[in-house]
Amino acid sequence: MRNEFAKTLTELAKHNKDIVLLAGDIGNKLFDNFKAKYPDRFYNCGVAEANMTGVASGLASSGLRPITYTITPFNTARCFEQIRLDVCYPNLPVIIVGTGSGLSYASLGATHHSMEDIAILRTLPNLQIVCPADTREVRACIIEALKSNKPTYIRLGKKGEPKIHKKIPKLKIGKGLILKKGKDLAILGVGNTLSIAKECTEYLAKKNIFADLISFHTPKPLDSKLLGSLFKSKKLIIIIEEHGLIGGVGSAVLEWANLNKKDASKVIRFGGPDKFLTGCGNQKEARKLIGLDSKKIGLKILESIKKQ
């Protein structure tokens, strides 16, 4: 995902001279091509993410289109106050990009895990949150974020994520993508868990249970029209996210259901527990440790169906 981000941004910068990239002492080789072509539009702000956010807000207020980039917890939790007051309060079109979201940096420990970023950032007025599922969604999300002219947080994985889309999807912020239709239930994959959601639909199909496969790439604003349709037509709505269960996309959907007087018992959430992950391993191993495994999820869905 991060390679696609760099590639896409370099291409877009050719046609949009207002694009300015700010990095938090990361991605130096990643952005070599960007720096070579646009040396006066790249700034390494060092390990000073709060300052980087403030600089971005100043550039945006001057009419430029700044994009900040660094490892997710350092570009979100570390500079939450600056995002809140410097970007969201004046409603400036700064794009905040977090790379290595969720458990992408599993082996580096809790300092580099980001299982709370959606929870904290979706509380901020004016901010859009977008979680692309693969490299092709990354490209579409960047293009749409620039078009929107609004404060936007883009939550990237790291590298090696499975490609789900065969071509660049017609993606709109705030509108989920239905990739496959099924009559029984709906499985919503958030960001890079879409591949797990896809495996779940395939597993359940072998059991004669057919599910919608949906890329639910926008935690904020939620796709109210799609959710209304799902609550009306589906027996269960499954949400899979590489994020803590507290305050994540599943929580947002439950809040929406309560506000709109829908049957919240239809929602089943899969995500991280309310604790720091102390086990050591790669992303795949970390996911298994917290139950983000397609077969385990599939079995739990079957159990829930039998209880209905």
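The values are calculated or read from the model by the stated rules, or taken from the named source; none is laboratory data. None of the values given here were measured: they were computed from a predicted structure. Glycine also receives a Cβ, built like all others from the backbone with ideal geometry; neighbour counts cover every protein chain displayed. Accessible surface is based on the protein model in full, side chains and every heavy atom, while ligands, DNA and RNA are left aside. Shrake-Rupley method; radii C 1.70, N 1.55, O 1.52, S 1.80 Å.
Estimated from the Cβ-Cβ distance and a Förster radius of 45 angstrom, the FRET efficiency linking K181 and N44 is about 0.45. Within the accessible surface of the range 1-47, defined with a 1.4 Å probe on protein heavy atoms only, the carbon and sulfur portion equals 47 percent.
Shown in residue order for the range 213-218 are the 3J(HN,Hα) couplings computed by the Karplus curve 6.51 cos²θ - 1.76 cosθ + 1.60 at θ = phi - 60°: 10, 10, 7, 9, 7, 10 Hz (x for Gly and Pro). Site pair K206 and I168 shows an inter-label distance of 3.7 nm when each label is modelled 7 Å from Cα along Cα→Cβ.
Taking Cα atoms only, the orientation of helix 135-148 departs from the longest principal axis of the chain by about 60 degrees. Each Lys or Arg adds one and each Asp or Glu takes one away; over the other residues whose Cβ falls under 14 Å from the Cβ of D18, this sums to +4. Residue farthest toward the positive end of the dipole of the chain, with Cβ of Lys/Arg at +1 and Asp/Glu at -1: which of P169, G157, A50? Farthest towards the positive pole: P169. Working from label points 7 Å from Cα in the Cα-to-Cβ sense, the T123 to K296 distance is 2.9 nm.
Of the options [x] 60, 47, 40; [y] 60, 40, 36; [z] 56, 45, 36, only one is Cα extents along the principal axes in Å as computed from these coordinates, and that is [y]. Using the 1.4 Å probe convention, the accessible area of the chain works out to 45 Å² per residue with neighbouring protein chains retained. Given R₀ = 25 Å, what would the calculated FRET efficiency be for K37 paired with K150, taking r from the Cβ atoms and rounding to 0.05? Efficiency, from the Cβ-Cβ distance: 0.40. Out of the total accessible area of the range 154-199 (probe 1.4 Å, heavy atoms of protein only), what percent is carbon and sulfur? Carbon and sulfur: 54 percent of the exposed surface of the range 154-199.
Computed over the chain with a Gaussian network model linking Cα atoms closer than 10 Å, the most mobile of V267, V249, V87 is V267. Using only Cα atoms, find the angle between the long axis of helix 294-307 and the longest principal axis of the chain, and express it within 0 to 90 degrees, rounded to the nearest 10. Compared with the principal axis, the helix lies near 40 degrees. Taking a quarter of the surface of the Cα convex hull of the range 103-261 gives a mean projected area of 9.8 nm². For the chain, the Cβ-based charge dipole about the Cα centre amounts to some 1320 debye (Lys, Arg positive; Asp, Glu negative; other atoms uncharged). A straight line joining the Cα centroids of the range 203-267 and the range 1-72 runs 34 Å.
Over the chain, DSSP H runs of length four or greater, each weighted -39,500 (n - 2.57), average out per residue to a 222 nm ellipticity of -10500 deg cm²/dmol. Modelled label positions at D25 and F276, each set 7 Å beyond Cα in the direction of Cβ, lie 2.0 nm from each other.
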